[in-house]
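Q: One structure is given below, represented as structure tokens, and several questions about it will come after.
The values are calculated or read from the model by the stated rules, or taken from the named source; none is laboratory data. Note that this is a predicted model, so its numbers are computed, not measured. We place every Cβ from the backbone using ideal geometry, glycine too, and count neighbours over all the protein chains shown.
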Amino acid sequence: MGRFRVVIAGGGVAGLEALLALHELASERVEMTLLAPQQEFVSRPLSVAEPFDLTDPRSFPLGEIAREHDARFRGEALARVDPEGRKAVSTDGGELEYDALLVAIGVDAAEAVPGALTFRGSRDAPRFKALLGEIEQGRVSSIAFAMPRDAAWPLPLYELALLTSARARELGRALDLHLVSPESQPLNLFGARASASVKSLLEEAGVALHLGWAPVAFEAGALQLDDGAKLERDRVVAVQCDRVVAVPVPVGPELPGLPRVGPRKLVPTDRYGTVEGLDGVYAAGDITSFPIKQGGLAAQQADAAASAIAAAAGAPVTPQLFRPVLRGALITGHAPRFLRAQPDLGLGPVSSEAARSVLWWPPAKVAGRYLAPYLAAKAGYPTSKRKQLVDVEPPYGDEGRGLSAGHEDVVELALTSAEASARWRDFKGALRWLEVVEDLELYLPPDYEQKRINWQGLAGQND
Ligand SMILES: Cc1cc2nc3c(=O)[nH]c(=O)nc-3n(C[C@H](O)[C@H](O)[C@H](O)COP(=O)(O)OP(=O)(O)OC[C@H]3O[C@@H](n4cnc5c(N)ncnc54)[C@H](O)[C@@H]3O)c2cc1C
């Protein structure tokens with residue numbers, strides 16, 4: 001009997017998490033192929049820090065990740081699925097026969113607020129940086145951050161607003177900041193505690209909140225708003241501002257052979273990731289019709305699908321249902337905030353936590369069970385031998401309220417100590433200080449990723 005053939009389409013969060021999970025659960029039984037058009041995995045969540053020059057982008061070669069997990073990598077895109085013939089057809093015309101196909105190709109990020117700067121990740125960082133330049137020159141004095149209805153993921157908008165406020169204060173520029181959202185409370189999908197924490201951060205940062213309103217369009221210095229159930233159609237509600245920054249809405253990419261539902265053309269699945277009506281085809285991540293689009297959830301969907309595929313391959317594994325737990329690490333311009341919640345989706349108990357201290361380990365922005373420890377170790381963060389992400393309880397009394405006074409001084413002290421240790425050729429000590437910085441900030445400042453690699457090499461020579 002040959003091995004169970006698994007094709008994973010997509011080299012993003014869900015695709016890689018599935019690859020790692022399947023390697024862990026059924027490596028003896030499966031033969032995996034990873035299909036993705038790009039050569040590298042680039043972590044998008046830290047892209048909000050790029051316009052502020054707070055850190056260098058991190059990327060990881062897909063071929064190497066596949067090799068380390070006994071999978072083949074093909075640098076091609078999935079063009080269509082032939083469910084009857086059980087074949088995945090690539091854009092190069094290649095046909096890959098599968099026993100299980102996992103589609104994790106993400107979504108297209110569509111603009112939803114005409115006239116706004118839509119921030120979709122690294123590709124929009126230069127435009128946002130230009131906006132920061134205009135603030136510095138005093139040419140922009142008011143900005144509205146706008147959350148469209150059906151936004152893909154709200155966190156980056158809050159991060160950009162808080163980071164912009166911190167930067168304006170550093171520059172000594174007075175800036176009128178607004179955040180417009182159809183949510184009833186800020187980041188309300190994280191529940192009451194997290195909302196209260198984020199609200200206090202926004203108040204301290206001087207960001208005016210306009211909740212219950214969705215942005216429609218930005219024209220002639222006015223961001224027009226809609227409350228979704230407007231009775232007085234003639235009444236125009238608007239926020240006057242110089243610029244508007246928005247986040248995108250998700251749209252499912254064209255993929256013949258797969259069912260798609262709703263106005264956003266997303267793929268319907270059950271809670272094991274099985275695509276409705278198709279045998280042996282699974283989907284995970286943003287492309288599915290699950291309403292919240294987030295990396296941590298994409299990874300949890302991938303874990304559920306991987307467990308079902310491993311069981312189908314004959315591994316001694318009980319398929320695990322997708323039970324969403326939201327873990328969000330909010331970059332604030334000062335100390336990050338860790339948020340954790342079981343959202344209210346009618347699937348079980350609802351919970352909400354916010355803390356200044358780490359709520360899961362390693363403290364990654366994308367909290368994938370296998371992916372977070374793996375990428376952290378690859379980037380040089382010491383993860384010991386632990387292969388899976390673990391939840392951590394916050395210390396008593398840490399409610400995550402208020403900006404942290406003295407945070408920057410502590411980070412500075414840790415960096416100075418790292419440099420001092422390196423000067424004394426105590427490279428292990430220097431690496432431990434960098435771990436402290438990453439726990440405090442979620443990322444390392446520019447140049448320190450490279451320093452960490454150099455110090456690791458030197459620490460190895462000293463052993
Ligand atoms: C600015 C920003 C900040 C964010 N911050 C956070 C955060 O803090 N925490 C968090 O958890 N989430 C965050 N997210 C959301 C998170 O990035 C996404 O939810 C997550 O990446 C979705 O994973 P995915 O695997 O479904 O899709 P993606 O990660 O987008 O991966 C899809 C992959 O499929 C590939 N692909 C595309 N078409 C094809 C094809 N035809 N065939 C094969 N491969 C294909 C793509 O190249 C890509 O590699 C953020 C998103 C943005 C934009």
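Q: If you check 169, 139, which single one turns out to be among the basic types (Lys, Arg), surrounded by 14 or more Cβ atoms within 10 Å (Cβ to Cβ) and over 19 Å from residue 110 (Cα atoms)?
A: Exactly one residue qualifies, and that residue is 169.
Per-residue answers, yes or no, for (1) under 12 Å from residue 107 (Cβ atoms); (2) touching a Pro at 6+ places or on another chain (Cβ under 8 Å):
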| position | (1), (2) |
| --- | --- |
| 257 | no, yes |
| 268 | no, yes |
| 272 | no, yes |
| 278 | no, yes |
| 282 | no, no |
| 285 | yes, no |
| 292 | no, yes |
| 297 | no, yes |
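Q: Could you tell me which numbered condition residue 251 fails, if it satisfies all but one of (1) within 16 Å of residue 155 (Cα to Cα); (2) touching a Lys or Arg at 6+ places or on another chain (Cβ under 7 Å)?
A: (1)
Q: Which one is farthest from the ligand (Cβ to nearest atom), of the residues in segment 42-70 that are touching a helix residue (DSSP H, G or I) at 6+ places or on another chain (Cβ under 6 Å) and either among the aliphatic types (A, V, I, L, M) or free of Cβ contacts under 8 Å to residues at least 60 places away in the same chain (or both)?
A: Across segment 42-70, the extreme among qualifying residues is 69.
Q: Ok, one more. Can you name every residue in segment 73-83 that is farther than 13 Å from residue 258 by Cβ and not small (Gly, Ala, Ser)?
A: Once the filter is applied, which keeps residues that are farther than 13 Å from residue 258 by Cβ and not small (Gly, Ala, Ser), segment 73-83 yields 73, 74, 76.
Q: Any chance segment 90-102 includes a residue that's under 25 Å from residue 309 (Cα atoms) and either assigned by TED's automatic domain parsing to the domain that holds residue 245 or free of Cβ contacts under 8 Å to residues at least 24 places away in the same chain (or both)?
A: Looking through segment 90-102, at least one residue is under 25 Å from residue 309 (Cα atoms) and either assigned by TED's automatic domain parsing to the domain that holds residue 245 or free of Cβ contacts under 8 Å to residues at least 24 places away in the same chain (or both).
Q: Sort through 180, 237 and tell me the only one that's assigned by TED's automatic domain parsing to the domain that holds residue 117, farther than 30 Å from residue 91 by Cβ and touching a residue at least 40 places away in the same chain (Cβ under 8 Å).
A: Working: 237 fails: touching a residue at least 40 places away in the same chain (Cβ under 8 Å).
Matching residue, one of 180, 237: 180.
Q: Residue by residue through segment 83-114, note down the ones that are of a type in the set (D, E, K, R) and within 14 Å of the ligand (Cβ to nearest atom). Even if it seems obvious, please write down each step before you answer.
A: Filtering segment 83-114 for residues of a type in the set (D, E, K, R) gives 84, 86-87, 92, 95, 97, 99, 108, 111.
Answer for segment 83-114, where residues must be of a type in the set (D, E, K, R) and within 14 Å of the ligand (Cβ to nearest atom): 92, 108, 111.
Q: Quick test for you: out of 403, 442, pick the one residue that is surrounded by 16 or more Cβ atoms within 10 Å (Cβ to Cβ), within 28 Å of the chain's Cα centre (by Cα), farther than 15 Å from residue 363 by Cβ and modelled with pLDDT under 85.
A: Residue meeting the stated conditions: 403.
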